[in-house]
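These notes concern the structure reproduced below.
The values are calculated or read from the model by the stated rules, or taken from the named source; none is laboratory data. Since the model is a prediction, treat every value here as computed from it, not as a measurement. Every residue, glycine as well, gets a Cβ built from its backbone with ideal geometry; the counts of neighbours run over all protein chains shown. Only protein heavy atoms, including side chains, enter the accessible area calculation; ligands, DNA and RNA are left aside. Shrake-Rupley method; radii C 1.70, N 1.55, O 1.52, S 1.80 Å.
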Amino acid sequence: MDINMEVYLDNSATTRCFPEVAALMSQVMTKDYGNPSSLHQKGVEAERYMREAREILAGNLKVQEKELYFTSGGTESDNLAIIGCALANQRAGKHLITSSIEHPAVLNAMKHLEEQGFSVTYLPVGADGRVQVEELTAALRPDTILVSIMHVNNEIGSVQPIEEIGALLKKQDHPVLFHVDAVQSFGKYRIYPRRMGMDLLSVSGHKIHGPKGMGLLYVNEKVKIKPILFGGGQQKNLRSGTENVPGIAGLGAAVQECYRDFEAKRQRLYGLRSLFCEKMEELAGAQVNGLPGEESAPHVVSVSFSGVRSEVLLHALEERGIYASAGSACSSNHPSVSATLKGIGVAKELLDSTLRFSFSVFTTEEEICYTAQVLGELLPGLRRFYRH
């Protein structure tokens, strides 16, 4: 392989835009640039882009267009869902449930609510990285108003039993809202919130070859929720602010492309994942974390490399044109021990020796083989300089 080529294996952090997305957004920014709240023709054109995106999204999720709200990204969607629902429903109770391996957008929203007098239960996960439904059942209380569980973990790709949890919560003798952070799963799974028992669903554009700064929140029409941003009352007063029309159009285009030939794309990703795991198992001192095959998400692999620090290995790979991650990009500027890796029982000495590799539709087998080859060349030398 050409050593000057880039091998981008950090798609769980962000993805390259589809060419169709970039072209459409350029047109909206430079030609059809009106404010959708304006009554003249430019505003009408902008509104049309939003309407078309809603149709695409509602069609893929099998929900009503009026149940979709555009946000600035997964973080805002998570915050609006959790804080907005907690505030709107606190007369019914102030107890919330989540897992210990959620994204910081969920965990920090929960911490904020604890400071406001809410009580939060943080469920542990087993060695498979999954929440045990029995433990969730035991944690439910008469004053529980909201459960928030991610669909796919952003570090190890573990898949939570979302449908089972949704069915459980719908059987309770008092309403318990169910929020799902689907930032890492949307575009990789077919997700139907109503059918799967979800009341709220968060999505991010830049994880599915769409634009950064663009997100979506599905809110079932029956859910009581309060805004956390205040302004001009756009989007039925729930999410004020002039709509990001280029981003909305780009999100719609990205979703349309993600779900075109969906099964073929998905199986190809699983093939890449399988090949990568096979190559990792051939390397001395390498350990793949999480469940094998289709028990995990198709695009995320966590690997621990004994005897080398993750930061050192990351830079060594980058010098060879390979880009990976030491964990969640959202907390990469604040190094800390991964709660996810601790939660699944990764040995203490490997917690700082773990990388995340994540694939996309643009990833090739050649890139997978090249990465494995480079790792095989780098690891022996790096281990000689490792200090405990």
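FRET efficiency for the pair Glu55 and Arg320, taken as 1/(1 + (r/R0)^6) with r the Cβ-Cβ distance and R0 = 41 Å, rounds to 0.40.
Take every pair of alpha-carbon atoms less than 8 Å apart whose residues are at least six positions apart; their mean separation over the length of the chain yields a relative contact order of 24 percent.
For the chain, what does -39500 (n - 2.57) per DSSP helix run (n ≥ 4), summed and divided by total residues, give at 222 nm, in deg cm²/dmol to the nearest 500?
-12000 deg cm²/dmol, from helical runs alone.
The fraction of accessible area contributed by carbon and sulfur in segment 191-292 is 49 percent, rounded to a whole number (1.4 Å probe; ligands and nucleic acids excluded). Counting only DSSP beta bridges with both residues in segment 157-240, the antiparallel share comes to about 55 percent. Diffusion of segment 166-264 by Stokes-Einstein, at 20 °C in a medium of 1.002 mPa s and with Rh set to the Kirkwood radius over alpha-carbon pairs, works out to 142 µm²/s.
Highest GNM mean-square fluctuation among Ala138, Ala249, Ala324, for the chain modelled with Cα contacts below 10 Å: Ala138. Ignoring aspartates and glutamates fewer than eight residues from Lys31 along the same chain, the ones with Cα atoms less than 19 angstrom from its Cα are Glu20, Glu45, Glu47, Glu52, Glu243.
Within straight-line reach of Lys224, meaning a Cα separation under 20 Å, sit the following lysines at least 8 residues removed in sequence or on another chain: Lys66, Lys94, Lys170, Lys171, Lys236.
For the chain, the membrane-span-like helix rule (DSSP H, alpha carbon extent of at least 18 Å along the helix axis, mean Kyte-Doolittle at least -1.0) picks out 41-61, 74-89, 245-258, 262-281, 365-384; this says nothing about an actual membrane. Label-to-label distance, Arg141 versus Arg268, with points set 7 angstrom from Cα along the beta-carbon direction: 4.9 nm. Among the trypsin sites (Lys or Arg not before Pro) within segment 265-372, which fall in a DSSP loop and have no more than 12 other Cβ atoms within 10 Å of their own Cβ? For trypsin sites (Lys or Arg not before Pro) across segment 265-372 that sit outside H, G, I, E and B with at most 12 neighbouring Cβ atoms in 10 Å, the list is empty.
What number in nm² do you get for segment 104-242 if you take the convex hull of its Cα atoms and divide its surface by four?
Average projection, Cα convex hull of segment 104-242: 9.4 nm².
Please build a GNM for the chain, connecting alpha carbons under 10 Å apart, and tell me which residue among Asp261, Asp78, Asp199 fluctuates the most. Judging by the Gaussian network model, the answer is Asp261. Computed 3J(HN,Hα) for segment 119-135, one whole-Hz value per residue from the Karplus formula 6.51 cos²θ - 1.76 cosθ + 1.60 where θ = phi - 60°, is 10, 10, 9, 9, 6, x, 10, x, 4, 8, x, 10, 6, 8, 4, 5, 6, glycine and proline marked x. Extension gain, Val312 to Glu114: 0.36 nm times the residue separation minus the Cα-Cα distance gives 67.5 nm. With each label modelled as a point 7 angstrom along the Cα→C-beta vector, the Val337-Glu65 pair spans 5.2 nm.
Could you give the length gained by full extension between Ser26 and Met5, i.e. 0.36 nm per residue of separation minus their alpha carbon distance, to one decimal place?
This chain segment gains 4.9 nm when fully extended.
For percent of Cα pairs over 40 Å apart, the value computed from the atomic coordinates appears in the list (1) 17; (2) 28; (3) 24 under label (1). Taking other residues whose beta carbon is less than 12 angstrom from the beta carbon of His179, and scoring Lys, Arg as +1 and Asp, Glu as -1, yields -4.
Of the chymotrypsin sites (Phe, Trp or Tyr not before Pro) found in segment 221-328, the ones in coil according to DSSP and having at most 15 other Cβ atoms within 10 Å of their Cβ are Phe230. Taking the DSSP bridge list for the chain and keeping only pairs wholly inside it, about 50 percent are antiparallel. In loop segments of segment 263-365 as defined by DSSP, the GluC sites (Glu not before Pro) with at most 12 further C-beta atoms inside 10 Å of their C-beta are Glu282.
Considering only the other residues whose Cβ falls under 12 Å of the Cβ of Gly210, what net charge follows from Lys and Arg at +1 and Asp and Glu at -1?
Result for the neighbourhood of Gly210: +1.
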